[in-house]
Amino acid sequence: MSVKSDRWIKRMARTHAMIRPFCDHLIKTGISYGLSSYGYDIRVANEFKIFTNVNSEIVDPKRFSTNSFVDVKAKTVLIPPNSFALARSVEYFKIPRDVITICLGKSTYARCGIIVNVTPFEPEWEGHATLEISNTTPLPAKIYANEGLAQIIFLGADEICETSYKDRGGKYQGQKFITLPRAR
């Protein structure tokens, strides 16, 4: 495995539509997004599902209740103390068969106690990423839509995988909206 550079990311974005929309440089207005040296800083869209305990639901990944969330569409959103929100990336991804990615939260948010769950984008996965944003603080936390939230690191394999996410018929393949847990 090797980390892919900005040149590789730029080439793959242009020739294989790996990231759409694609920004070929870092936009430093607000919380930065776009192409960086060895990754791509993604933006969070303006659609959020804020976790709430108002209905006293049990958090069960096999039977996750939609009653556990309040839907919000806004330029900014407040995540309650010690809670979380789901959101989606602005960017749509098509990951090559010989690449896996790691999605990590940006340090600007991490320094405020706001954590983006670490997650991979597997070989041949495609879609808008559903992002989990945790507020680890005892205070409400503000998130800004259409600004940077996480960074994607691309890792190239020494050989092509035998079975990709697409081959397996992955349950999150092609997602266009915030997608709740799906257990089979």
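A short reminder: the numbers here are calculations on the coordinates, not readings from a lab. In this text the structure is predicted, and so the values were computed from the model without any measurement. In this analysis, Cβ positions are derived from the backbone assuming ideal geometry, glycine residues included, and neighbour counts consider all displayed protein chains.
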For the chain, size of Cβ-based charge dipole, Lys and Arg +1, Asp and Glu -1, in debye: 380
J(HN,Hα) series, the range 122-133, from Karplus relation 6.51 cos²θ - 1.76 cosθ + 1.60, nearest Hz, glycine and proline x: 7, x, 6, 6, 9, x, 7, 6, 8, 10, 9, 10
Extreme residue, positive dipole direction of the chain, given options Leu104, Asn46, Ser56 (C-beta unit charges): Asn46
Estimated 222 nm signal from helices in the chain, with DSSP H stretches of n ≥ 4 weighted -39500 (n - 2.57), rounded to 500: -2000 deg cm²/dmol
³J(HN,Hα) computed for each position of the range 28-42 - Karplus, 6.51 cos²θ - 1.76 cosθ + 1.60, integer Hz, glycine/proline x: 9, 6, x, 8, 4, 8, x, 6, 10, 4, 9, x, 9, 8, 8
Rounded to the nearest 20 debye, dipole of the range 41-115 from Cβ charges on Lys, Arg, Asp, Glu: 140
Amide H within-cut-off set for Phe121, under 5 Å, with H built and near neighbours excluded: Thr101, Ile102, Cys103
Rounded if a/c under 1.5, otherwise prolate or oblate - the range 104-184, Cα gyration tensor axes: prolate
Lysine pairs with alpha-carbon atoms under 15 Å apart, the range 26-184, spacing 8 or more or separate chains: 11
Residue-span extension gain [Ala74 to Met1] - 0.36 nm each, minus C-alpha spacing: 22.4 nm
The range 32-80, relative contact order in percent, only Cα pairs under 8 angstrom and at least six apart counted: 36
